[in-house]
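Read the structure below first, then the notes.
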Amino acid sequence: MRAMLKDALRRAGGDGFVELRWHDKTFRSISVEKGRLERSGVRRRRGVGVRVLVDGTWGFASTGDASVSAVTQAIGRARAAARASAGLRRERIESLPPVALATGDFVGEGVDAVLGMSLEERVALAVAVEARARAASARVNSASGTYNEIFEEKSIVTSDGADVSFKLVRPELYVAAVAERDGQLSRVSESVGVTGGWDCLFRDAPEALADKAARTAVDLLDAKAPEGGRTTVIMAPSIVGLLVHEAIGHTVEADFVQSGSVARGKLGHQVASDLVTLCDSGRSEFAGGAGGTLPVDDEGVLAGRTVVIQDGRLVSYLHNRETASAMGVAPTGNARAWEYADQPLIRMRNTYIEPGDASLEELIAGTDDGYLLDGPRNGQADATAEFMFGVTAARRIRGGKLGELVKGVTVTGNAFEVLRSVDGVSQEFRWDLGSGHCGKGQPAKVDAGGPYIRCRAILGGEQS
Amino acid sequence: MTTTGFGGGVRARLDRAALLALCERGVQAARDAGAQEAEVYAESSAEVEVSLQKNDLDQVRVADEVQFGVRVFVDGRLGFATANDPGAVVTTARDAVAVAQASPPDPDAGLPPAVPVMDQPDAVDEALLQLEPGALARMAVDLLAWTRGRDPRITIDTGAVAVAHTVRAVASSTGVRAAWGSAAGSGHMFGMAVDGDTVGSFAYDGDAVRQLAQLRPKLEAAFGRFVAGATGALGATAGESFRGPIVLPPEAVESVLVGPLMRNLGGDAVRQGRSALAGRIGERIAAPGFTLVEGGAGIAGYPLCPFDREGQPRATLPLVEDGVLKAFLYDGREARAAGVRSTGHAQGGATALPSVGPAALVLATGDVPRATLERMERGVIVTRFSGSTDPVSGDFSGVVKGGFLVKDGERRPIHETTIAGNLWTCLKNVSARADTAHLHYGSRAWPALRVEDVSITAG
């Protein structure tokens, strides 16, 4: 495919920067509920995204026709689009920073293993996990199991030297259980999503995933809501991941920084406890299979590790080539596009806090009054770094011991204030946000995680 | 067949006849591959979008694409496959058959029968489609300046103004055959207000129209609301903890009340045991005066496709009348499972299987002026709600964004304030409805509501 892209580049002639990205994505989804197949399908979308820089302005066009003539025409449309708007852009992009762009072929782990599975085996997996959850307790009256899989191949060729192809596979498994007693219902889901093969996907046995969802759903039938207010919490890696992705990570995306995020002007400032080192990486650090892993971003920049907060100090933003040029730094490999018709945006990959020295047991034992929070239901964050996360399983801690489960918990606060309050970081590390998507105008597969951390935050609760 | 012309405006690559022909080729290919029943839904779309970022023009994007989805039943087994290459319709039909052959039987297998659909003319304003990219870019930059000119503290993170032309068609082995086209102009702004070191909460607003003449006025109105939302959130301080009333502006009505309610009104939720309203038709579930209607083929001024994702005719359907539950929504599959007729509520595009959902929703207005609605001894205005609701139990909790505490005749912005309650209780505690409704993106019309006795917690 790169030969075709280079041929189109030659035919279109030299007129400013041109970036061509062939993207062939296949998405499979199988969903089972209450013992019957609800959905099974395969979605294929492929084509070439063309981005040009003409007269200091971007233009973008796309075509689902991967012929040389169609791509050449798309280059012409993108250039015409750029010229149509060039006089209206205030901040012209004079040039992109020179950077060592990727060349060659990359193949992600697990591609052959996952693609080698039969469709029947994939269906059987969703059927089995749903049946397991439904059989786990007489209180479980409904369950669902879903297997999703993204397989994608990309080729990126730019007029300044990127010449790279890669392919990777991202399977994910999802199970939900609904427990019922006396008309009262509780619903809990568990999921895992990875970049890699079955060994990564099954780092926890599917049966364990189903059992955990069912057990928590049943236990929550007896749970009460918390009182609410500011309190000590120990966040599990799943909640830490949501915090560093939603509430910190988005504020350090350089395009948002330029728009005026709370992280603007804070480079070099102490923004968190000195126990906190926060990174974003295209690699799967500390543990395998992170869901946002990628070798190269969609501008052809190698996707390495970026330290965002070092020992509590903000040291870097996340960049594409344009923002890196504007701020005089190297691009960090964070430009990503969801499908061929989408333009690359600054997106996170795998975002995490580095592990510390404590153990989870020590953190719990050292907490006189607080909560252990695990399992995000949902999460959103604001321009102010104020966040809100729903928590599936929150346990009371009293006198250094774990107590009862509480339900309907939301945790909120200002993320930087929460990170400044961190007084304990565990050795345990886990990626735990690999299923689902991040949204920023277009979806992206990301992952996030880290150790357990102890900090102060606000719990939503009931007022009498 | 027509072609996309960048110089000749925005035009979908395939017209109604060409797209229907593609669907019929797919149906025949699926039958040839062994499907007893087959359906192809296709969309051909073209779009010019001017994006804004960092208070500046970002880029002009031009796109056109044909996407289609093939749904088949083979020996009572469901299969589905999609692609974006019309030349691949035969292989995609075979892929769908292969998926079906690997799947367990579906007890409700089968496509809906053909039902006559009123032949509606396309909703296409040629003036909108003839808008050149350069003119659209000038409009976007003008609107950016207009928006920032309302208040110097406004900063735009991202925004866009776009024009699109979409043609959709569906054909099936049961005789369904329908096609329709529409044009839309749309725009949105996303950003916040920054005052020195103080950064306010995110704000968002936008709208969509069918006529060029409406585009600029409707977007100015939307971006005016955006400015009010962004600047109103500045200077927020801690709220108070109490139980009391909340006011839901139109922008928050869907996230707090109607969205979770709708998750209980689909035939799929009833069949799967996920609806708390199953078997309760005729029961009171909300306060008197609470009337929610599915708007069928569109609300006045913004026509929608006259048929649903399965080619069934769309019609207006009262869901809740004066607080009493009246109906559930059904697509073909759920209707078959429930032993009723489809209500024409199969939703979705070409790349997903049809699923049950509303096309347009209207919540009846009341008789209370908005200012009176917000007059409370002590209460909170929930400008936006960032939280979650268990649609079955109805329990919800989350953060109030850009909200205000109203107390002793004054209102002030608050932060780090959460609300918690129960959907089913709140529906019965709706104590007032505003006398005007806001039409959002042409398909949702909500008045502001006041709801009594909600738990409010300050951080």
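The values are calculated or read from the model by the stated rules, or taken from the named source; none is laboratory data. Since the model is a prediction, treat every value here as computed from it, not as a measurement. Cβ coordinates were reconstructed from backbone atoms using ideal geometry, including for glycine residues, and neighbour counts include every protein chain displayed.
Things worth noting here:
- Hits in the range A:18-52 - residues which are hydrophobic (A, V, I, L, M, F, W, C), within 23 Å of residue A:435 (Cβ to Cβ) and touching a residue at least 24 places away in the same chain (Cβ under 8 Å): A:27, A:30, A:32, A:37
- Some residue of the range A:397-405 being surrounded by fewer than 24 Cβ atoms within 10 Å (Cβ to Cβ), out of contact with any Cys (no Cβ under 8 Å at 6 or more places or on another chain), farther than 30 Å from residue A:185 by Cα and of a type outside the set (Gly, Ala, Ser): no
- One residue stands out among those in the range B:264-284 that are over 20 Å from residue A:134 (Cα atoms) and surrounded by 20 or more Cβ atoms within 10 Å (Cβ to Cβ): the one that is farthest from the other protein chains (Cβ to nearest Cβ), which is B:265.
- Within the range A:309-321, the set of residues being surrounded by fewer than 24 Cβ atoms within 10 Å (Cβ to Cβ) and among the aliphatic types (A, V, I, L, M) comprises A:314, A:315.
- Residue check, residue B:31 more than 27 Å from the chain's Cα centre (by Cα), touching a residue at least 40 places away in the same chain (Cβ under 8 Å) and more than 30 Å from residue B:227 (Cβ to Cβ): yes
- Remark: residue A:244 matches the filter, which requires a residue to be β-branched (Val, Ile, Thr), more than 14 Å from every other protein chain (Cβ to nearest Cβ) and part of a helix (DSSP H, G or I).
- All positions within the range B:192-219 that are within 28 Å of residue B:400 (Cβ to Cβ), more than 21 Å from the chain's Cα centre (by Cα) and either buried (at least 19 other Cβ atoms within 10 Å of the Cβ) or away from every other protein chain (no Cβ under 14 Å) (or both): B:192, B:193, B:194, B:199, B:200, B:201
- Residue in the range B:245-258 that is among the hydrophobic types (A, V, I, L, M, F, W, C) and without any contact (Cβ under 8 Å) to a residue 12 or more places away in the chain present: no
- Considering the range A:236-271, and only residues there that are among the aliphatic types (A, V, I, L, M) and over 22 Å from the mean Cα position of the chain (by Cα), the residue that is nearest to residue A:324 (Cα to Cα) turns out to be A:267.
A quick yes/no check of all residues on (1) farther than 30 Å from residue A:382 by Cα; (2) aliphatic (A, V, I, L, M); (3) not assigned by TED's automatic domain parsing to the domain that holds residue B:205:
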position	(1), (2), (3)
B:227	no, yes, no
B:240	no, no, yes
B:243	no, no, yes
B:248	no, yes, yes
B:273	yes, no, yes
B:292	yes, yes, yes
B:302	yes, no, yes
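- Verdict on residue A:273 being touching a residue at least 12 places away in the same chain (Cβ under 8 Å), assigned by TED's automatic domain parsing to the domain that holds residue A:433 and under 16 Å from residue A:452 (Cα atoms): yes
- Considering the range B:1-43, and only residues there that are buried (at least 17 other Cβ atoms within 10 Å of the Cβ), out of contact with any Ser or Thr (no Cβ under 7 Å at 6 or more places or on another chain) and modelled with pLDDT under 95, the residue that is nearest to the other protein chains (Cβ to nearest Cβ) turns out to be B:6.
- Residues in the range B:78-94 that are buried (at least 21 other Cβ atoms within 10 Å of the Cβ) and either without any contact (Cβ under 8 Å) to a residue 12 or more places away in the chain or facing chain A (nearest Cβ under 8 Å) (or both): B:78, B:79, B:80, B:81, B:82, B:83, B:84, B:92.
- Filter result (surrounded by fewer than 21 Cβ atoms within 10 Å (Cβ to Cβ) and either on the phi > 0 side of the Ramachandran plot or facing chain B (nearest Cβ under 7 Å) (or both)) within the range A:47-67: A:55, A:56
- Scanning the range B:288-318 for residues that are closer than 26 Å to residue B:110 by Cβ and either without any contact (Cβ under 8 Å) to a residue 60 or more places away in the chain or among the aromatic types (Phe, Trp, Tyr) (or both) turns up B:307, B:308, B:314, B:315, B:317.
Conditions (1) in contact with a Leu (Cβ under 7 Å, 6 or more places away or on another chain); (2) more than 30 Å from residue A:36 (Cα to Cα); (3) away from chain A (no Cβ under 14 Å), marked per residue:
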residue	(1), (2), (3)
B:138	yes, yes, no
B:170	no, no, yes
B:175	no, no, yes
B:181	no, yes, yes
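- Residues of the range B:140-168 classified as aliphatic (A, V, I, L, M) and away from chain A (no Cβ under 14 Å), total: 1
- One residue stands out in the range A:77-104 among those that are facing chain B (nearest Cβ under 9 Å), of a type in the set (A, V, I, L, M) and within 22 Å of residue A:8 (Cα to Cα): the one that is surrounded by the fewest Cβ atoms within 10 Å (Cβ to Cβ), namely A:80.
- Identity of the residue in the range A:174-208, in contact (Cβ under 8 Å) with a residue 60 or more places away in the chain and of a type in the set (A, V, I, L, M, F, W, C), that ends up farthest from residue A:284 (Cα to Cα): A:188
- For the range A:299-310, the criterion of being out of contact with any Gly (no Cβ under 7 Å at 6 or more places or on another chain), within 23 Å of residue A:152 (Cβ to Cβ) and assigned to a loop (DSSP other than H, G, I, E, B) is met by at least one residue.
- Residue B:375 vs. criteria away from chain A (no Cβ under 14 Å), over 27 Å from residue B:84 (Cβ atoms), in contact with a helix residue (DSSP H, G or I) (Cβ under 6 Å, 6 or more places away or on another chain) and in a loop (DSSP other than H, G, I, E, B): no
- Restricting the range B:285-295 to residues that are surrounded by fewer than 21 Cβ atoms within 10 Å (Cβ to Cβ) and small (Gly, Ala, Ser), the residue that is farthest from residue B:423 (Cα to Cα): B:289
- Annotation note: of B:201, B:186, the sole residue that is not assigned by TED's automatic domain parsing to the domain that holds residue B:298 and not in a strand (DSSP E or B) is B:201.
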